[in-house]
Amino acid sequence: MALISAFLEILQRPNIGDVMSELMVFMTPIWVAVLVGILVGWAWKPKWAKLNVDFLDSKGETNKSLMVFPQFASSIPSLSSLKQQLPTWISDFALDKEENSTVPSDSCLDYSSSKLENEKSSVVNEDDLKHLHNLVEEKDNGPAWIQMMDKSTSGMSYQAWRRDPETGPPQYRSRTIYEDATPEMLRDFFWDDEFRLKWDDMLIHAETLEECLTTGTMVVQWVRKFPFFCSDREYIIGRRIWESGRTYYCITKGVPCLSVPRRSKPRRVDLYYSSWCIRAAESRKDGRLTACEVILFHHEDMGIPREIAKLGIRQGMWGAVKKIDPGLRAYQKHRATGAPLSRSAFMAQINTKFNVDSLEKALESTSSTSEIEPVVSADKPSGRGFPKMLVFGGAIALACTLDQGLLTKAVIFGVARRFAKMGKSL
C-alpha cells in the first residue's frame, strides 16, 4: 500500500517534468535490484545455464545436440525456443554454419527388417489414418475453421479455410473439385514427383530415399525454393496411401531420417503435415460422378514469423492453386500416350485397403472409453501479462551469457521487445 500511495502522489505532480523526475527516482531502487540479481545470478549460474554456453563454440556453431527435434529439445532449457522466434532471414545469416545432426530421435525405417510387420513401427501408421479420417469428418475436436477463399475456374472450384490452434503453426483446410478427373488419376498425379518437377516451380529437387513394396510406404526428400531473402527448405517426408472403395486417404508428414545429414542450407523443416482425401464427386456440368473431390489438410513450421507466414500464404494461395489444374491436364495427356509409369506413380498404386465403417466403429469405441477429461491445475500460469521489466532483465542476462556465439546482443534485445509487445497485446 505504501508503494501505491507513493506512486499516486507522483502522478499528482503539477507538471510532466516533475512527474518524470520523480518516476526516475522511484524506479532507481528497482533497477538496482534487477542488476544485483543479474550479477548474483551470473556468479552462481545453475547447471542448465552452463549447458547452454557449452552448446556454443568460439565460431558460433551449434552443438549437434541442438539439432534434435523440437519436441525433445524444448524439454531442455536452451536457446532453441528463442531461435524459433527469429525471422528466417535473421536466423539464416546469424549462423556461420550448422553441423550435421548425429543424434536424431529416430532413423529411417528399415524396410528389409521385420518392422514391416509391425504397424506401429512404420513411419506412417494406422494412427495417422485415424487422425486424417477425423479431420475429414470434422471430428478432431479442434478449433472452428474460418473460411478465407472461394474461387473457381472452368476446370476446378476451390474453397479454403484456416484455423489457429493454441500451439503450433496455423492450419489450413481446402476442398477442391476437379472436373473430368478420376480419383485414381489424382492419386497418381499428386504422388508423381518426377512429373511434379515439371509443373510445380517451387519444387527444385525430389528424391526417393526408402520404399516398401508391401505397404507402399515411401520416404522422400524434397527441396523447395523460397524467396531470395530466405534459404531454400528441405523436407524429409514419410508418405503412404490407404484405400476404401475408391476413396483414397493420402498421408504425408515430416519424419526423422539418419541417412540424410542436416545442413545449414537448405534449411530443414521438421514440423510438416500435408494429407488429403480423394473421392469421386458430382460434376457442376451435369451432376454425374465425373468430377473428383480433394480435401486437403496442411500445416508446417517454415521458420518464418507466424503473421508473415499467414500473410504470404493468403496472398499467394490462389496463384499456387491455379497452377495445379494445368499440371493435372498435362498429366492426363501424358498418361493417355501410354508412357510408362514413373517409380513414384507406381508406388502410388500400392495401397493399404481398409473398411471405413470398421474404422469409424473403432474410433467410436475408443472415444467412448476415454471421455474422462484430464484435470488442468488452476494454478498453472497463463503466460499473459508478464512485466516488460522481467523480459528485459532476462534479455540482459542472456546477452551477458553469450560472450560470443549464435546470436548478437542486438538481436536478443529486439526479440525481448517483441515478446514484451506480445505480452501487452495479450
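Let's see how each residue does on (1) in a helix (DSSP H, G or I); (2) open to solvent by 40 Å² or more (accessible area, probe 1.4 Å); (3) out of contact with any Leu (no Cβ under 8 Å at 6 or more places or on another chain):
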position: 157; (1), (2), (3): no, no, yes
position: 161; (1), (2), (3): no, no, yes
position: 167; (1), (2), (3): no, yes, yes
position: 180; (1), (2), (3): no, yes, yes
position: 187; (1), (2), (3): yes, no, yes
position: 190; (1), (2), (3): yes, no, yes
position: 194; (1), (2), (3): yes, yes, yes
position: 201; (1), (2), (3): no, yes, yes
Test each condition in (1) farther than 20 Å from residue 351 by Cα; (2) in contact with a helix residue (DSSP H, G or I) (Cβ under 9 Å, 6 or more places away or on another chain); (3) at pLDDT 90 or above for residue 280 and report the one that comes out false. (1)
Of the numbered conditions (1) at pLDDT below 95; (2) surrounded by 13 or more Cβ atoms within 10 Å (Cβ to Cβ), residue 93 satisfies every one except a single condition; which is it? (2)
Within the range 141-155, residues being in a loop (DSSP other than H, G, I, E, B), open to solvent by 60 Å² or more (accessible area, probe 1.4 Å) and hydroxyl-bearing (Ser, Thr, Tyr) number 1
The condition from (1) part of a strand (DSSP E or B); (2) free of Cβ contacts under 8 Å to residues at least 24 places away in the same chain that residue 312 misses is numbered (1)
Taking the conditions exactly as written (over 30 Å from residue 233 (Cα atoms) and surrounded by fewer than 18 Cβ atoms within 10 Å (Cβ to Cβ)), does residue 282 satisfy them or not? yes
So which strands (runs of 3 or more DSSP E) are wholly in the range 260-303 and hold at least 2 residues that are of a type in the set (Val, Ile, Thr)? 291-300
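The values are calculated or read from the model by the stated rules, or taken from the named source; none is laboratory data. Keep in mind that this is a model prediction, so the values were computed, not measured. Glycine gets a Cβ as well: all are built from the backbone with ideal geometry, and neighbour counts include every protein chain shown. Quick note on the areas: whole protein, heavy atoms, side chains included, nothing else; ligands and nucleic acids left out. Shrake-Rupley method; radii C 1.70, N 1.55, O 1.52, S 1.80 Å.
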